[in-house]
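Read through the structure below, which is laid out as structure tokens, and then see the notes.
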Amino acid sequence: MVQMNNNDYVYGSSAKKIQYDVYEENKVLKEKKKYRSNRFKKTRIVFSILLVFLTGFVVMYRYALITDLNYKISRLEKEYETIKNDNSRLKVAVEKNTDLSRIKTTAEERMNMQKPDKYQIVHIRVPKNNFTVISETYKNKQENNHFIAL
């Protein structure tokens, strides 16, 4: 084992190995080493540039997808609004067409219907177990709706 002190004195039985660099003295090997190190640096730079472009492309692609989804959402919201408007118009039409006085006039004028005579009326008894109970809150809502319509 070789131990050295600051003043290059060797302690032990073996001599100090001289550091010999083949690449320093031989010009061909020196150029080859320089070429390899430069090639590694160039390759690393090229991969770094490719990574930056790839990252930029991925970010742009994601923004394009987000923009496309926003356009689809906007189109669907417009479609929803038109369907909602159509639905409200249809509700108004149904309410207008279910008015009893209008139904009566349509039946009498267009279909030539008339009220039945007393002998044409047949009374039917409905059993007690088959009836519908209307709650007071529903009746109150119906009365309030009639007042609002007036």
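The values are calculated or read from the model by the stated rules, or taken from the named source; none is laboratory data. Computed from a predicted model, the values in this text were never measured in an experiment. We place every Cβ from the backbone using ideal geometry, glycine too, and count neighbours over all the protein chains shown.
For segment 28-49, the count of residues that are without any contact (Cβ under 8 Å) to a residue 60 or more places away in the chain and either closer than 30 Å to Lys115 by Cβ or within 31 Å of the chain's Cα centre (by Cα) (or both) is zero. State whether the residues of segment 50-69 include one that is assigned to a loop (DSSP other than H, G, I, E, B) and on the phi < 0 side of the Ramachandran plot. Among the residues of segment 50-69, not one is assigned to a loop (DSSP other than H, G, I, E, B) and on the phi < 0 side of the Ramachandran plot, which makes the answer no. Taking the criterion of being modelled with pLDDT of 85 or more, part of a helix (DSSP H, G or I) and of a type in the set (S, T, N, Q), the residues of segment 102-137 that qualify are Thr105, Thr106, Gln120.
Out of Asn140, Asn97, Asn70, I need the residue that is surrounded by 10 or more Cβ atoms within 10 Å (Cβ to Cβ) and either of a type in the set (Asp, Glu) or within 33 Å of the chain's Cα centre (by Cα) (or both). Which one?
After applying the criteria, what remains is Asn70.
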